[in-house]
4 protein chains.
Amino acid sequence: MLGKFNIRTDLALEAKESFEEDHVEIRGVKITETEDEEREIRTTRVVIETENGAKAMGKPVGTYVTMEAPHMSVSDEGYHREVSEALAGHLRELLGDREQSVLVVGLGNREVTPDALGPYVAGHVDITRHMIREYGKAFLDRERTCPVSALIPGVMAQTGMETLEIIRGVVEETKPDVVIAVDALAARSTRRLNRTIQITDTGINPGSGVGNHRDGITKETLGVPVIAIGVPTVVDAATIVNDTMESLVDTMDRDAHIKNLGGALGTLSKSEKQQMIRELISPHLNTMFVTPKDIDETIHRISYTVSEGINLALSLS
Amino acid sequence: MLGKFNIRTDLALEAKESFEEDHVEIRGVKITETEDEEREIRTTRVVIETENGAKAMGKPVGTYVTMEAPHMSVSDEGYHREVSEALAGHLRELLGDREQSVLVVGLGNREVTPDALGPYVAGHVDITRHMIREYGKAFLDRERTCPVSALIPGVMAQTGMETLEIIRGVVEETKPDVVIAVDALAARSTRRLNRTIQITDTGINPGSGVGNHRDGITKETLGVPVIAIGVPTVVDAATIVNDTMESLVDTMDRDAHIKNLGGALGTLSKSEKQQMIRELISPHLNTMFVTPKDIDETIHRISYTVSEGINLALSLS
Amino acid sequence: MLGKFNIRTDLALEAKESFEEDHVEIRGVKITETEDEEREIRTTRVVIETENGAKAMGKPVGTYVTMEAPHMSVSDEGYHREVSEALAGHLRELLGDREQSVLVVGLGNREVTPDALGPYVAGHVDITRHMIREYGKAFLDRERTCPVSALIPGVMAQTGMETLEIIRGVVEETKPDVVIAVDALAARSTRRLNRTIQITDTGINPGSGVGNHRDGITKETLGVPVIAIGVPTVVDAATIVNDTMESLVDTMDRDAHIKNLGGALGTLSKSEKQQMIRELISPHLNTMFVTPKDIDETIHRISYTVSEGINLALSLS
Amino acid sequence: MLGKFNIRTDLALEAKESFEEDHVEIRGVKITETEDEEREIRTTRVVIETENGAKAMGKPVGTYVTMEAPHMSVSDEGYHREVSEALAGHLRELLGDREQSVLVVGLGNREVTPDALGPYVAGHVDITRHMIREYGKAFLDRERTCPVSALIPGVMAQTGMETLEIIRGVVEETKPDVVIAVDALAARSTRRLNRTIQITDTGINPGSGVGNHRDGITKETLGVPVIAIGVPTVVDAATIVNDTMESLVDTMDRDAHIKNLGGALGTLSKSEKQQMIRELISPHLNTMFVTPKDIDETIHRISYTVSEGINLALSLS
């Protein structure tokens, strides 16, 4: 089972699935699934309640909401407003019903298409903090007014600074009540790419994201709560190969005829087979990722769906 | 052996290699390899001389020069001028020693990073046709002066027209002596990505390129000779999986111990094994490609290397 | 009056205004103005009916519809759909009520912001020609189906070819029934910038557009009717200076007190004063233009308003 | 004389010139001019030594070096390395001869071409801080090693935060020894555009820059020395008009014949005439600027000249 966790996924949903494959139930983890058939959105809520559950899932204690909307990867004139509305609902739930100032942080590298989701989203968010400071809250004429600011910190190769350093400096100086961090994620399965949004109150954890953040961006490191919104936009190339080969091994295990074909290979344990597979995967693949052919256009489109969800959550006009 | 050719490659070099694996010599095909150790460029010249050779290689009769320069994918202040110079040499050889007017066509989709090589190159080429028409050849004060024009036709989803229709219209109107078409290619191996330049006098053939051209852009379709310059920038995701699995099968065949493990699997023919592999590959992979993580920056850089090669070939100042 | 026409304007509306200032009526020119108060659009229809009128206006015989929508330069979630709808109405009128194939040409330079309107619009148009050719008209399931294609020819400095050469080649090869050419224009007054759309059935005439087209793109040069859509995005810097100085001269002429101040200056004729002004304007200004500070964002936004107008005109779903 | 100072300039050189026009010498201000004929660079060094001089110049006490290189606005294969080298020399002088950590801040709005200089420069700077922290100074193998980091803070409309807040937060968190702030400036004269670099040790002062910074970015506000590098890229449209009209007024004053023409107008004082001019300038002009037609390309090019100057100053390999 270790082999599974060497393969990287940023989605709690996928961590969960790998347990289900093995028919294991995990203590300290509660899972609820709902299907909104009209909007075609399937929502999975994973609540990791205990440190034990956290250990088993390889993710910190907290709430992970995953919205799967297969049509999201397809063009739509309204940028999938129904998805934005559902996202806004989940954000409001995690934010609570208070008026609070919010700093939206767009993580990732604007120059690398599948990693540019965060910067694009932060660029579309309705910014109000400066206007509220200048003209007062009455100015916006809304029921609830969250002063909103936005930051695109860049990546370490561009700035020479840890992303965390930049965000922490800005948080300490401008004192938002909460941070919403948006990031492109790595998934395990190409079926998830650009169709899934994960919202969590655990922030961004080390090693996650397309660009592999070195430090966590969390309540512990920033001093204010961090809600993370992530969309899987790439699969590591090695994962794709591994997965197909595992299904070969699985087929050999299950199918009587092929099992027979497999002969002594069939007598190897799963992890022995995985070991063999890993040795065969070209090291070149580690610097490669798999991405849909229309990624440039898709990332732009999804960035509007996500930013509109944030805008809806933060303004009650 | 059919299985091999279902896997797509735009490189004559890779078509050749698949024969060598099978220790087959092909009649009507001449291959020469040279190594320039100082410049670290390895050049393979495949000349397909007969229709028989063309059939065997799956490529039209003509000359295919492939330059492999592993350092090309790495940043360099001079944009790898040594590669540009070698490219210029091959172009001059194919162009012949006459002064002729050249239309450089940048094929591909400017909005999809790994397919944007052609448009970027066409954007960097030194354009002289309009100045020569306005001020005469003396104006440029060079030994040889090829009037150079450039066209970025876009892709069918953007234009509603076949790329060939646009180019043919412009060729008929502006009457260049020769067309140089630049395109991003699909390779079979990630080791080739962004390190290889193929130059051929056979033009662009149907089904080639990242964007899969529907029609050929060749002397037959345009009425003037077409020299094609291609750089592999993607590998189809299915290819990666297939290749790794084939090496599993190969390992099983070769290694006595594993062969034994493979049991009856070992008794399947190669094409039977490949058939099995293909069935296991997710159909999702067909809309995916594998590309290096730094592709956006790399494509920009290589576009300068290629355009400089063209500029050097077309101007003798 | 000559002085006036040395100052460049691409808008028939502005040519007309300069006559009105001089209280001149022009034979062979019919002008109608309508105000749509709900949509806040003021429409001026200038029909130049005779060669005499054409001479007086400095524009060819034909229909020029100008929509002034002051709010167009301001951000709007729906990209000013009411303007798109009005534009679609005018286009349909000029196109006539037949099903015809249309080539949309985006003129101008994508790399120079105020000149990028045409390329942006052509990039947003719904392209259908290739789908209709592949799947037939039934495929689109609309009442009327105009096969739509689009071309972004670039500018001469980038291509080495006259824009006309490229368009003519593509028109001859793909045989559209009509061409719609979109271009950024120069206006005389900053009040018009990014708030005005001119639609005309006379095509693009030499010397017009931000980039100053050398050749006309008209029915005469292409062989098919050309409808031109233009939006003024710049004012030549010299025009701004000239205009303010003219209003100084005018004030001197009108205001009794200042007239007195002006002394013998007041005795100069208008054209003598203009001559004096022109001599004072720095030659540096000829390579400069005046543009609003938010031009980059504005051009993007207006390109959606215009492309949506074209899409509405060409599809009746 | 007040009139003059209502017209905005960010260049100490231009403030100085307006005194010279009036043949005034200013106490507390030392001016030296040098001409490097080989490199075609004219350098003016304005040192404001006293508060009295500061008041007269409308600029804080400090050193202002202005390099005028007319050829800088023209394309050059080496991106004007001779200008980069001269810039590096001035930077080293202001930085002093110590090894120190530097934060390069790219001020301005990446989305507005003439204001994008700062972001572009910050994007080209050689970043070393993270590598030195990871691998130590020996890693870079240079004589002097300044850890370099870079920040692109964005503008208030995009972030909702004062630029100063963001920079101060990052400075407090990452503790650089010195900040180098790069910004696009407004000039008074179109002759200066894209040909002039100003280097000063006084930082960025309120109201300066194309985007009009609200707060100063200075040693007082950040706690560390701030060296500012500025390039004028726009002239306010109102300035252009004002200047031409002033030269009309001047001509009237000087030229006996026209003076006579001007009559009583000639009897008005200079400031009365300027008042009259200001009233005639359209308020529309206040949201407009004047910029060269090739600004997009020029800004890109100059950003390389400036970043290379910074890179040379901070690395002694």
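Structure above, values below:
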quantity: Integer Hz, Karplus 6.51/-1.76/1.60 couplings in order for the range A:38-54, x for Gly and Pro; calculated: 5, 7, 6, 10, 9, 10, 10, 10, 9, 10, 8, 9, 10, 4, 4, x, 4
quantity: Förster radius 22 Å - calculated FRET efficiency between D:Glu17 and D:Arg42 (Cβ-Cβ, nearest 0.05); calculated: 0.95
quantity: Average partner coverage of B:125-138, which counts Cβ from other chains inside 10 Å; calculated: 2
quantity: Exceeding the 18 Å Cα-Cα cut-off - candidates B:Lys59/B:Lys219; C:Lys175/C:Lys219; A:Lys175/A:Lys219; C:Lys16/C:Lys219; B:Lys175/B:Lys219; A:Lys59/B:Lys293; calculated: C:Lys16/C:Lys219; A:Lys59/B:Lys293
quantity: Accessible area, probe 1.4 Å, largest first, for residues A:Val234, C:Val112; calculated: C:Val112, A:Val234
quantity: Coil-residue trypsin sites (Lys or Arg not before Pro) of the range B:29-136, DSSP, other Cβ within 10 Å capped at 11; calculated: B:Arg98
quantity: Pairwise label distance in nanometres, C:Glu220 with A:Arg98, each label 7 Å out on the Cα-Cβ vector; calculated: 7.4 nm
quantity: Placed amide H near C:Phe289: partners under 5 Å, 5+ positions off or other chain; calculated: C:Ala237, D:Thr291, D:Lys293
quantity: Cα shape, the range B:24-79, gyration tensor, a/c 1.5 rule; calculated: prolate
quantity: R0 of 45 Å, Cβ-Cβ distance A:Glu33-B:Lys55: FRET efficiency to nearest 0.05; calculated: 0.20
quantity: In sequence order, calculated HN-Hα J values of the range B:303-313 (Karplus, 6.51, -1.76, 1.60; Hz; x Gly/Pro); calculated: 4, 6, 4, 6, 5, 5, x, 5, 4, 5, 5
quantity: Using θ = phi - 60° and Karplus 6.51 cos²θ - 1.76 cosθ + 1.60, couplings along the range D:172-183 (whole Hz; Gly, Pro as x); calculated: 5, 7, 10, 6, x, 6, 8, 10, 10, 9, 10, 8
quantity: Shielding of C:167-175 by partner chains, average beta-carbon count, 10 Å; calculated: 6
quantity: Total charge dipole magnitude, the range B:34-140, about the Cα centre, Cβ charges on Lys, Arg, Asp, Glu only, Debye to nearest 20; calculated: 600 debye
quantity: Cβ-vector label at 7 Å, D:Glu220, separations to other copies in nm; calculated: 4.3, 6.6, 7.8
quantity: Estimated buried accessible area (total), pair D and A, 1.4 Å, Å² to nearest 100; calculated: 2100 Å²
quantity: Anisotropy class of the range C:62-118 from Cα gyration tensor, a/c 1.5 cut; calculated: oblate
quantity: Label 7 Å beyond Cα on the Cβ vector: D:Asp177 copy-to-copy distances, nm; calculated: 4.4, 6.1, 7.4
quantity: Per residue, the convex hull volume that the Cα atoms of the range B:59-159 enclose (Å³); calculated: 165 Å³
quantity: Cut-off 12 Å between beta-carbons: net charge of the residues surrounding D:Glu172, Lys and Arg +1, Asp and Glu -1; calculated: -2
quantity: Nearest-first distances (nm) between copies at B:Arg42, label 7 Å from Cα via Cβ; calculated: 4.7, 5.9, 7.3
quantity: Beta carbon of chain B nearest to the axis of the rotation taking B to C, residue and angstrom distance; calculated: B:Gly169, 2
quantity: Surface accessible to a 1.4 Å probe, B:Ile227 within the full protein complex, Å²; calculated: 10 Å²
quantity: B:Asp76 accessible area, 1.4 Å probe, all protein chains in place, Å² to nearest 10; calculated: 60 Å²
quantity: Percent carbon-and-sulfur accessible area, the range B:72-190, ignoring ligands, DNA and RNA, probe 1.4 Å; calculated: 45 percent
quantity: 10 Å Cβ neighbours from other chains, averaged over peptide D:293-299; calculated: 5
quantity: Accessible-area order (highest first, 1.4 angstrom probe) of the listed residues D:Glu220, B:Glu111; calculated: D:Glu220, B:Glu111
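The values are calculated or read from the model by the stated rules, or taken from the named source; none is laboratory data. Values in this document were obtained by computation on a predicted structure and should not be read as measured data. Cβ atoms come from the backbone with ideal geometry, glycine included; neighbour counts cover every protein chain shown. Side chains included, ligands, DNA and RNA excluded: accessible areas come from the protein's heavy atoms. Shrake-Rupley method; radii C 1.70, N 1.55, O 1.52, S 1.80 Å.
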